[in-house]
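Notes for the one structure printed next.
The values are calculated or read from the model by the stated rules, or taken from the named source; none is laboratory data. Just so it is clear, the model here is predicted, and its values are computed rather than measured. All Cβ positions, even for glycine, are placed from backbone atoms using ideal geometry, and neighbour counts span all protein chains on display. Ligands, DNA and RNA are stripped out before the accessible areas are found, and what is left, the full protein with its side chains, is counted by its heavy atoms. Shrake-Rupley method; radii C 1.70, N 1.55, O 1.52, S 1.80 Å.
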Amino acid sequence: MSLDHAASKPHEALATLLRDDMEAVNGLIQERMASEHAPRIPEVTAHLVGAGGKRLRPMLTLAAARLCGYEGPFHVHLAATVEFIHTATLLHDDVVDESAQRRGRPTANLLWDNKSSVLVGDYLFSRSFQLMTETGSIDVLRILSNASATIAEGEVLQLTAATDLRTDENVYLQVVRGKTAALFSAATEVGGVIAGADPKLVKVLFDYGDALGIAFQIADDLLDYQGNTAQTGKNIGDDFRERKLTLPVIKAVAQATEEERAFWVRTIEKGRQEDGDLEHALALMAKYDTLTATRDDAYAWIAKAKAAMEHLPEHAIRDLLMGIADYVVERLN
């Protein structure tokens, strides 16, 4: 497939451009997810890794390194590290959320059990740290270990914030920066660091990844209420049923009347949901047009991501990364 043919889907064009690197990453992932003594580990990992996905995060690391002129081998290690961290968090998230479906397939915790999902996730985190250290870069280790801690912190914050109606947009942003954007920004930042890029360039890559990750999560939260189940692999209103206070609801709660707030207290804070509650929640969001406002926020973060990249010299990868930013929100159209 030519790059021109893939232009409508920039992540596919980037995957084509980075094909050799991505094949090396996939090979390293297969090698490092093996276990001589615990066959359950590759079974569980292969189920999730084999489910597909765009591998966007590791591609961001490869792209950032190549954009900065890197010619060494360790961008492959870092891309695999990023994918292992991401996969580990998915395994843990599905246990926490009691999810039954991931990328249109049964989750690992459903096919095996919660213990297997948690422990295999721990194994992948450990593997990711092994890969980090092989680069010999203390800066890389600092960035990715900080990101791992931030992701865990974001998930714990979400446990309490998700069902607390006092959660405002600032707290929501803190959660999103932790659970999602931290890995995006680390993925792009370490690509520049391993290439020995100028600190100003590394900061640009960080800013791009941070804004892209925030927009990505906002878009995901919006699609939960207006997406296509066949495309998202989720049912409409899953976040509502799981009592997750995401941005469309936060915006509705902020404008709610006393009666409307009582509805949100019953359904989100206390979890006493009845037939018709999802439809009423959607009606309240429509009343205050919070889905449109959430969509506007996603586009605003994409604008920040693209503005960051404008500081870089012209390059085919830079253009594709800007295209990926647009693609994240094109899902909302």
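To keep it simple, each residue is scored yes or no on (1) modelled with pLDDT under 85; (2) more than 16 Å from the chain's Cα centre (by Cα).
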| position | (1), (2) |
| --- | --- |
| 50 | yes, yes |
| 56 | no, no |
| 64 | no, yes |
| 109 | yes, yes |
| 148 | no, no |
Taking region 288-305 and keeping residues within 13 Å of residue 212 (Cβ to Cβ) and part of a loop (DSSP other than H, G, I, E, B) leaves none
Scan region 306-316 and tell me whether some residue there is in a helix (DSSP H, G or I) and more than 21 Å from the chain's Cα centre (by Cα). yes
Does residue 283 satisfy the condition of being more than 24 Å from the chain's Cα centre (by Cα) and among the small types (Gly, Ala, Ser)? yes
Within region 20-72, restricting to residues that are of a type in the set (Ser, Thr, Tyr) and part of a helix (DSSP H, G or I), the one that is nearest to residue 123 (Cα to Cα) is 45
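I need the full set of residues from region 323-333 which are assigned to a helix (DSSP H, G or I), out of contact with any His (no Cβ under 7 Å at 6 or more places or on another chain) and in contact (Cβ under 8 Å) with a residue 60 or more places away in the chain, in order please. So that I can check it myself, show each step before the final result.
Of region 323-333, the ones assigned to a helix (DSSP H, G or I) are 323-330.
Still in the running and out of contact with any His (no Cβ under 7 Å at 6 or more places or on another chain): 323, 325-326, 328-330.
323, 325, 326, 328, 329, listed by residue number.
Here is a yes/no grid of residues against (1) in contact (Cβ under 8 Å) with a residue 60 or more places away in the chain; (2) under 19 Å from residue 223 (Cβ atoms); (3) assigned to a helix (DSSP H, G or I):
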position	(1), (2), (3)
249	no, yes, yes
252	no, yes, yes
256	no, no, no
259	no, no, yes
263	no, no, yes
267	no, no, yes
275	no, no, no
279	no, yes, yes
284	no, yes, yes
The residue that is least open to solvent (accessible area, probe 1.4 Å), considering only those in region 286-332 that are farther than 14 Å from residue 216 by Cα and among the polar types (S, T, N, Q), is 290
The residue from 176, 140 that alone is touching a residue at least 24 places away in the same chain (Cβ under 8 Å), surrounded by 21 or more Cβ atoms within 10 Å (Cβ to Cβ) and over 13 Å from the mean Cα position of the chain (by Cα) is 140
Residue pairs within 9 Å by beta carbon, gap of at least six or interchain, first lying in region 147-170 and open to solvent by less than 20 Å² (accessible area, probe 1.4 Å), second part of a loop (DSSP other than H, G, I, E, B) and among the β-branched types (Val, Ile, Thr), listed first then second, are 161/167; 162/246
Picked from region 148-200 (must be assigned to a helix (DSSP H, G or I) and among the hydroxyl-bearing types (Ser, Thr, Tyr)), the residue farthest from residue 54 (Cα to Cα) is 160
For region 213-242, pairs from a residue that is modelled with pLDDT under 90 to a residue that is β-branched (Val, Ile, Thr), with Cβ under 6 Å and 6 or more apart or across chains, are 235/229
